[in-house]
Amino acid sequence: MEPTNNELKEKNAFKKANLKAKKLRGFYSHLRTYLIVNSIFFILNWTTSPGDWWVLYPVIGWGFCLTINALDTLSPFNNLDDEWEERKTKELIEKYSER
């Protein structure tokens, strides 16, 4: 017995939701690590050499990477990628089935 169209849609929706949840969990873990490590760096910098703010280098550098991660994870345009991928897949199936 083949799965129905609704079953396929539900399975596809579950896969997309599961992938999004995994990406969110990864982002939140990254954010938590960033805050903890940079807080420790700030305390170390403040207690050992308060006149030289070397802590800004890892905060800014890692903050840039965290921003890229946030844009990738939280962007509303990620849904457009899924729709485009489905349309392109159908287009390519039609193209290759004509041969």
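The values are calculated or read from the model by the stated rules, or taken from the named source; none is laboratory data. The model shown is predicted, which means the values in this text are computed figures rather than measured ones. Here the Cβ is made from the backbone with ideal geometry for all residues, glycine too, and neighbour counts use every protein chain on show. SASA here: full protein model, heavy atoms, side chains in, ligands and nucleic acids out. Shrake-Rupley method; radii C 1.70, N 1.55, O 1.52, S 1.80 Å.
Here are the numbers:
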| read-out | value |
| --- | --- |
| Theoretical FRET efficiency, 1/(1+(r/R0)^6), r = Cβ-Cβ of Ala13 and Ile40, R0 41 Å, to 0.05 | 0.50 |
| Estimated vicinal HN-Hα couplings, Hz - region 55-67 in sequence order (Karplus 6.51, -1.76, 1.60; Gly, Pro = x) | 4, 5, 5, x, 5, 6, x, 5, x, 4, 4, 5, 5 |
| Whole-number accessible area per residue in Å² for the chain, which is evaluated in the context of all protein chains at 1.4 Å | 85 Å² |
| Computed magnitude of the charge dipole of the chain (debye, nearest 20; Cβ of K, R +1, Cβ of D, E -1) | 240 debye |
| Cross-link table Lys20/Lys95; Lys16/Lys88; Lys15/Lys95, entries beyond 21 Å C-alpha to C-alpha | Lys20/Lys95; Lys15/Lys95 |
| In Hz, Karplus ³J(HN,Hα) per residue of region 3-13 (6.51, -1.76, 1.60; θ = phi - 60°; x = Gly, Pro) | x, 6, 4, 5, 5, 5, 5, 5, 5, 5, 5 |
| From the coordinates shown, Rg/Rh (Cα atoms, Kirkwood Rh) corresponds to which of (i) 1.16; (ii) 1.39; (iii) 1.27 | (iii) |
| Of all accessible heavy-atom area on the chain, the percent that carbon and sulfur account for (1.4 Å) | 64 percent |
| Region 18-99: GluC sites (Glu not before Pro) in DSSP loop, at most 11 other beta carbons within 10 Å | Glu98 |
| Modelled FRET efficiency - R0 35 Å, Leu92 with Tyr28, Cβ distances, 0.05 increments | 0.50 |
| Over the chain: helical MRE at 222 nm, DSSP H runs n ≥ 4 each giving -39500 (n - 2.57), nearest 500 | -30000 deg cm²/dmol |
| Region 1-98 - percent relative contact order, Cα under 8 Å, separation 6 or more | 28 percent |
| Neighbour count of at most 14 Cβ within 10 Å plus DSSP loop: longest chymotrypsin sites (Phe, Trp or Tyr not before Pro)-free window in the chain | 1-52 |
| Nearest-10 value in Å² for the accessible area of Leu31, using the 1.4 Å probe | 60 Å² |
| ³J(HN,Hα) computed for each position of region 38-54 - Karplus, 6.51 cos²θ - 1.76 cosθ + 1.60, integer Hz, glycine/proline x | 6, 5, 5, 4, 4, 5, 4, 5, 5, 7, 9, 8, x, x, 10, 8, 5 |
